1. Of all residues in the range 93-114, count the ones that are acidic (Asp, Glu) and within 11 Å of the chain's Cα centre (by Cα).
2. Exactly one of these conditions fails for Glu33: (1) surrounded by fewer than 16 Cβ atoms within 10 Å (Cβ to Cβ); (2) at pLDDT below 75. Give me its number.
3. Give me the residue from the range 27-54 that is more than 13 Å from the chain's Cα centre (by Cα) and of a type in the set (D, E, K, R) and, out of that set, nearest to Thr109 (Cα to Cα).
4. Here's a check for you: in the range 103-129, which residue that is in contact with a Phe, Trp or Tyr (Cβ under 8 Å, 6 or more places away or on another chain) and without any contact (Cβ under 8 Å) to a residue 24 or more places away in the chain is surrounded by the fewest Cβ atoms within 10 Å (Cβ to Cβ)?
5. Name the residue, out of Glu111, Glu129, that is among the charged types (D, E, K, R) and under 22 Å from Glu33 (Cα atoms).
6. Which one of these does Gln99 not meet: (1) touching a strand residue (DSSP E or B) at 6+ places or on another chain (Cβ under 7 Å); (2) surrounded by 17 or more Cβ atoms within 10 Å (Cβ to Cβ)?
7. Which ones in the range 67-84 are modelled with pLDDT of 90 or more and within 23 Å of Glu111 (Cβ to Cβ)?
8. Could you check the range 36-52 and list, in sequence order, the residues that are under 14 Å from Asn95 (Cα atoms) and either at pLDDT below 80 or part of a strand (DSSP E or B) (or both)?
Amino acid sequence: MNGVVRFFSVISATMLCASVAYAGSQACTMEGEMTVMGQHIEAKDCVQASDKQPVAKFRSSCESFANMPVALGGEAGRITYSQTCPENPQGTCVNVNGQGVDFYYYKRTAELLDSTRKSCALSGGTWKE
């Protein structure tokens, strides 16, 4: 399970950071459910970009991220766009790959949150709780 979670955490961080360029502060919150290796996962994550990402590329990256569960036989996540991520995350991975992109995590089990924290370090981010 942890290997799958790490894989998707690193892949999603890389996808979203690959499109860095220009725009205003923006965020997308993704919510959904999926089953991975027999384990049900309920997710609520948010990505917030600095003022250097073009809106179209940012939204395309958010849509790709929200569609990841489809590859595992699940439903695409619901996306809500805003200027900032919701308050009170369980943890935040700040400045992933030095690209001005922050990931906020809201619905994580203790095990999944620990794995996410480790993935943050692998992607060059700084973990904050």
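1. Qualifying residue count, the range 93-114: 1.
2. With (1) surrounded by fewer than 16 Cβ atoms within 10 Å (Cβ to Cβ); (2) at pLDDT below 75 applied to Glu33, the lone miss is (2).
3. Taking the range 27-54 first, the residues more than 13 Å from the chain's Cα centre (by Cα) are 33-42, 50-54.
Cutting the leftovers down to of a type in the set (D, E, K, R) gives us 33, 42, 51-52.
Numbers: Glu33: 14, Glu42: 9, Asp51: 31, Lys52: 32 Å.
The extreme case among them is Glu42.
4. Keep residues of the range 103-129 that are in contact with a Phe, Trp or Tyr (Cβ under 8 Å, 6 or more places away or on another chain), which gives 113, 116-117, 120-121, 125.
Now narrow it down to the ones that are without any contact (Cβ under 8 Å) to a residue 24 or more places away in the chain: 113, 121.
Values: Leu113: 16, Ala121: 11.
Checking each candidate, the answer is Ala121.
5. Details: Glu129 fails: under 22 Å from Glu33 (Cα atoms).
From the options Glu111, Glu129, the qualifying one is Glu111.
6. (1)
7. Gly77
8. Within the range 36-52, the subset under 14 Å from Asn95 (Cα atoms) is 46-52.
Answer for the range 36-52, where residues must be under 14 Å from Asn95 (Cα atoms) and either at pLDDT below 80 or part of a strand (DSSP E or B) (or both): Cys46, Val47, Gln48, Ala49, Asp51, Lys52.
The values are calculated or read from the model by the stated rules, or taken from the named source; none is laboratory data. As the structure is a prediction and not an experimental result, all values here were calculated from the model. When we count neighbours, we look across all protein chains shown, and the Cβ atoms used for this are built from the backbone with ideal geometry, even at glycine.
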